[in-house]
Amino acid sequence: MSLALNIPTLETERLVLRGFEERDFGFVTEIFGDEETARFIGGQMPAYQAWRILAGVLGHWALRGFGLFCVEEKSSGNSIGFCGPWRPEGWPDNEIGYGFLKSAQGKGYAFEAAKASLIFAYAQLGWSTAISLIDEKNPASQNLAKKLGAMNEQQNAVINDKPCDIWRHLPKDEFLARYS
């Protein structure tokens with residue numbers, strides 16, 4: 001018996017957000033193999049651990065009915081990041097998480113993907129609120145959260161033994177009025 005995952009595909013002007021596939025293993029290995037890129041998303045790791053990340057992301061879809069999307073650039077078809085709704089065990093609330101290759105940073109892709117992910121979470125999953133857990137030493141993610149309208153709700157939280165700040169996104173109605 002096989003498990004079929006019904007992962008939707010979202011499209012923005014420049015991006016496709018889709019379910020991860022085995023062909024994305026090289027991309028996942030690349031993003032988690034780079035010390036700088038992986039610094040705030042779990043840390044640098046070898047390929048066998050990146051495989052576990054890939055399997056865990058797909059497992060999250062199976063267990064919770066939602067999860068991170070693989071973010072693909074429409075113009076090239078290349079996987080450039082991940083973004084989406086998720087809530088791993090121990091998280092204080094539903095989160096919009098994200099991570100992008102160095103080559104894709106600073107181009108507005110994270111904002112575009114996070115906005116689409118929040119719209120999906122609010123409109124399709126029925127969420128009323130969302131958070132992003134952000135390291136205090138990660139100004140790029142803090143700036144993205146601010147651009148999305150999020151506020152730093154709690155500093156110096158410890159989630160699953162990791163220090164972070166909890167950024168609260170705009171409530172559903174306010175976010176959808178602003179961005180959809």
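General observations
- Candidate lysines for bridging to K137, where Cα separation is under 18 Å - those fewer than 8 sequence places away on the same chain excluded: K102, K146, K147, K162
- Candidate membrane-span-like segments in the chain, meaning DSSP H helices with Cα atoms spread over at least 20 Å of their own axis and a Kyte-Doolittle mean of 0.5 or above, are 109-123, with no membrane implied.
- Evaluated over the Cα positions of region 132-180, the convex hull gives a direction-averaged projected area, one quarter of its surface, of 3.5 nm².
- GNM top mover of K115, K107, K74 - the chain, alpha-carbon springs below 10 Å: K107
- Here the mean projected area of the convex hull built on the C-alpha positions of region 63-125 is 4.9 nm².
- Radius of gyration, Dmax [region 15-84; alpha carbons; angstrom]: 11.7, 32
- Hydrodynamic radius by Kirkwood, which averages 1/r over all alpha carbon pairs of region 31-167, in angstrom: 15.3
- Computed lengthening from T9 to R64, 0.36 nm per intervening residue step minus Cα-Cα distance: 18.1 nm
- Distances between placed amide hydrogens fall under 5 Å for T12 paired with L17, all partners being 5 or more residues away or on another chain.
- Charges were assigned to the Cβ only: +1 to each Lys and Arg, -1 to each Asp and Glu. The resulting dipole of the chain about its Cα centre is roughly 260 debye.
Laboratory data are not the source of any read-out in this text; all were calculated from the coordinates shown. Everything quoted here is computed from the prediction, not taken from an experiment. Neighbour counts run over all protein chains shown; Cβ positions are idealised from the backbone, glycine included.
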